[in-house]
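Here's a structure for you.
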Amino acid sequence: MSEEKIYCYNCFKPIKEGEKTREHIPAKTLFEGYDDKYKANRITVPACYECNQGYSPTDRDFRNLIGIIAKRKENNQITAKAIKSITKDKKSSLTIDSLGKVTGVILGQDTIENFHKKNFKGLFYHQYGKPLSDEYELFVNIDENDYSTMTLAMLGYLKEHFIWKHSGHEDILSYCLQPFHLEISNPNKEDLKLSENENIIIGYMKYNQEHAALVIAVRKSYLETIKEKHK
């Protein structure tokens, strides 16, 4: 009897024997400075070696973001790691004036968005036992001060109708990921079952009590239908 194929959470490809790795959702770097009680029951998903290693720079840059914006003393060690990382890579991460003074830090938005997309796909795999299809396009909202009416409605939908989960500890990653259905009744706040043709799936993720993002997965065919209606 042949073994069931295992697919990479990120690239959807079957993982060859001996090449399976585990991707931590979120990255282990966000647990730096926290004791073991925060690290229990961390979510991991199967990943091919290429995808696992390919996200290492993304994980580092997001860790640096958390370190830069951190206000909670619990994240002091992450801040220390971020400063060390950024200082070591002066040319690409720091802006320096003519007098040699550091005036800012450069962190690419694409890199930060890719971190959220990676985690969204990982949480989807963990929740539904299969990779998110490439039939979906992912959109990331990271500016909580500039959420649209629709974005706020989606966030309210998650908060009102579902129980939130966490990976390792709620102080590191708390999240909610669900299909987006209008006018639902869900008094027990149970996870919705995933149909074959969900048009929209949304997920909100909050990291280290410092930063959050809403990720929206829209089926590409549905997106084209919307575009046609608005021509």
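The values are calculated or read from the model by the stated rules, or taken from the named source; none is laboratory data. Predicted model only: the values in this text are computed from it and were never measured. Because the Cβ atoms are built from the backbone with ideal geometry, glycine has one as well, and the counts that use them run over all protein chains shown. In case anyone asks, the SASA skips ligands and DNA or RNA and just uses the protein heavy atoms, side chains included. Shrake-Rupley method; radii C 1.70, N 1.55, O 1.52, S 1.80 Å.
Report yes if some residue within the stretch 102-115 is open to solvent by 30 Å² or more (accessible area, probe 1.4 Å), under 17 Å from residue 26 (Cβ atoms), modelled with pLDDT of 90 or more and among the polar types (S, T, N, Q); otherwise report no.
Yes: one or more hits.
Looking at the stretch 32-46, which of the residues that are among the charged types (D, E, K, R) and in contact (Cβ under 8 Å) with a residue 60 or more places away in the chain is nearest to residue 124 (Cα to Cα)?
The selected residue is 42.
Let me ask something else. What pairs can you find where one residue is in the stretch 47-71 and at pLDDT 90 or above, the other is of a type in the set (S, T, N, Q) and not in a helix (DSSP H, G or I), and their Cβ atoms are less than 7 Å apart, with a gap of 6+ or different chains?
As it stands, the answer is 47/10; 47/21; 49/21; 51/10; 52/21; 66/208, since those pairs meet every condition given.
Please tell me if residue 121 is under 28 Å from residue 7 (Cβ atoms) and not β-branched (Val, Ile, Thr).
yes
Scan the stretch 7-40 for residues that are surrounded by fewer than 15 Cβ atoms within 10 Å (Cβ to Cβ) and either in contact with a strand residue (DSSP E or B) (Cβ under 9 Å, 6 or more places away or on another chain) or part of a strand (DSSP E or B) (or both) and report the count.
Of the residues in that region, 6 qualify.
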